[in-house]
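In what follows, a structure is listed as C-alpha cells, so that the remarks can point back to it.
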Amino acid sequence: MRIDIISVAPNLLDSPFNHSIIKRAQNKNLVQIFLHDLRDYGLGNYKQIDDTQFGGGAGMVLMIAPIANCIDKLKSERKYDEIIYMTPDAKTLNQSTANNLSLKENILILTGHYKGIDQRIRDKYITKEISIGDYVLTGGELAAAVLVDAVIRLIPGVIGDEQSALTDSYQDNLLSPPVYTRPAEFEGMKVPEILLTGNFPKIEDWRQEQAYKRTKEIRPDLLENE
Ligand code: ADE
C-alpha cells in the first residue's frame with residue numbers, strides 16, 4: 001500500500017511514522033508513506049497558500065490552486081482508490097472504515113489547517129471525509145496519523161501475531177475483555193481463576209461474556225447498532 005499525505009506542516013508527521021510497528025512496516029515494504037508540503041505549491045514569491053474568507057469571518061482558508069495543483073500532479077502519477085480529507089465536520093472514524101481502507105492500494109490524504117479548505121476542493125476531488133472525533137484539533141496532521149496507524153496495523157504481516165488484530169476492541173463491535181499477565185497474584189489482587197485452568201473453550205466463553213458486559217456498561221451504543 002502507498003499513502004500520500006498533503007500538509008502545510010509535514011514535519012508534524014515525521015515522528016509518528018518513524019518508530020516501532022509503523023516504521024517496521026515501511027522497512028518491510030508493506031507500506032510506503034510520502035509527505036508533501038503544500039507550501040511547495042504556494043503562489044507567487046511568498047508561496048501563498050491561504051487567504052481570507054469570502055463573505056467575511058475570522059480565520060484563513062486554504063486556497064484552491066495550491067491544493068488543486070498538488071493533487072493534480074499526484075493524480076497524474078498514479079490512480080488513487082480514495083482521496084480523503086481529514087476534518088472535524090465529517091463522519092467519525094471507526095474500525096469498519098479502517099478495515100476497508102487497509103485493502104486499498106493507493107490512498108491520498110489531505111489535511112486541513114486554519115479555518116479549513118476551499119469547498120470547491122472538497123466538491124471536486126475528495127472521495128471520503130473523515131473526522132477522528134467530536135473535537136477540533138489545530139490541524140488535520142495528528143488526525144491523519146491516527147487514521148494511518150489504524151489502517152497500517154491491519155495490513156497482513158504488519159502485526160506479528162495476526163490473531164491479535166482480529167481480536168481487537170471493535171473488530172466485532174465489542175470492547176476488549178480484561179487481560180492479565182504474570183504474576184497470578186500481586187499485593188492480594190488475583191487473576192480470575194478461569195484464566196489459570198487451561199480450559200480454552202471455557203476461557204473463550206468467559207472473554208466473550210466480559211467483553212459484552214464491558215460494552216454494555218461503557219458503550220451501550222455499540223450494541224444498539226447490531
Ligand atoms: N482536523 C481538526 N480537527 C479534526 C478532527 N477532529 N478530525 C479530523 N481532522 C481534524
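The values are calculated or read from the model by the stated rules, or taken from the named source; none is laboratory data. Please read these numbers as outputs of a predicted model, since none were measured by experiment. Cβ placement follows ideal geometry from the backbone for every residue including glycine, while neighbour counts extend to all protein chains displayed.
Structure data summary
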read-out: Members of the stretch 161-189 found to be in a loop (DSSP other than H, G, I, E, B), farther than 30 Å from ASN94 by Cα and not aliphatic (A, V, I, L, M), listed by number; value: ARG182, PRO183, GLU187, GLY188
read-out: Total residues in the stretch 41-62, condition out of contact with any Leu (no Cβ under 7 Å at 6 or more places or on another chain) and among the β-branched types (Val, Ile, Thr); value: 2
read-out: Selection from the stretch 63-104 of residues that are among the hydroxyl-bearing types (Ser, Thr, Tyr) and assigned to a helix (DSSP H, G or I); value: SER76, SER96, THR97
read-out: Where a residue in the stretch 19-43 is assigned by TED's automatic domain parsing to the domain that holds LYS104 and under 15 Å from ILE71 (Cα atoms) and its partner, wherever it lies, is of a type in the set (Lys, Arg) and surrounded by fewer than 18 Cβ atoms within 10 Å (Cβ to Cβ), with Cβ under 7 Å and at least six apart; value: ARG39/LYS47
read-out: Which numbered condition TYR80 misses (of (1) under 22 Å from GLY139 (Cα atoms); (2) under 25 Å from the mean Cα position of the chain (by Cα)); value: (1)
read-out: Those residues of the stretch 58-74 which are at pLDDT 95 or above and surrounded by fewer than 19 Cβ atoms within 10 Å (Cβ to Cβ), in sequence order; value: MET60, ILE64, ALA65, ALA68, ASN69, ASP72, LYS73, LEU74
read-out: Residues satisfying the stated conditions in the stretch 1-60, i.e. part of a loop (DSSP other than H, G, I, E, B) and hydroxyl-bearing (Ser, Thr, Tyr); value: SER15, TYR46
read-out: LEU137 in the same structural domain as LEU38 (by TED's automatic domain parsing) and either of a type outside the set (S, T, N, Q) or at negative phi (or both); value: yes
read-out: Scope the stretch 209-226; condition surrounded by 13 or more Cβ atoms within 10 Å (Cβ to Cβ) and in a helix (DSSP H, G or I); matching residues; value: GLN210, ALA211, TYR212, LYS213, ARG214, THR215, LYS216, LEU222
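Here's the yes/no breakdown for (1) farther than 26 Å from GLN171 by Cβ; (2) away from the ligand (no atom under 15 Å from the Cβ); (3) at pLDDT 95 or above:
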| position | (1), (2), (3) |
| --- | --- |
| SER76 | yes, yes, yes |
| LEU93 | no, no, yes |
| ASN99 | no, yes, yes |
| ILE109 | no, no, yes |
| TYR114 | yes, no, no |
| LYS128 | no, no, yes |
| LEU142 | no, no, yes |
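Each row is one residue, and each column tells you yes or no for (1) of a type outside the set (Ser, Thr, Tyr); (2) in contact (Cβ under 8 Å) with a residue 60 or more places away in the chain; (3) away from the ligand (no atom under 16 Å from the Cβ).
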site: GLY139; (1), (2), (3): yes, yes, no
site: VAL158; (1), (2), (3): yes, yes, yes
site: TYR170; (1), (2), (3): no, yes, yes
site: LEU174; (1), (2), (3): yes, no, yes
site: PRO178; (1), (2), (3): yes, no, yes
site: GLU185; (1), (2), (3): yes, no, yes
site: LEU195; (1), (2), (3): yes, no, yes
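This table checks each residue for (1) within 25 Å of the chain's Cα centre (by Cα); (2) among the β-branched types (Val, Ile, Thr).
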| position | (1), (2) |
| --- | --- |
| ILE3 | yes, yes |
| ILE6 | yes, yes |
| ALA9 | yes, no |
| LEU13 | yes, no |
| ILE22 | yes, yes |
| GLN26 | yes, no |
| GLY44 | no, no |
| THR52 | no, yes |
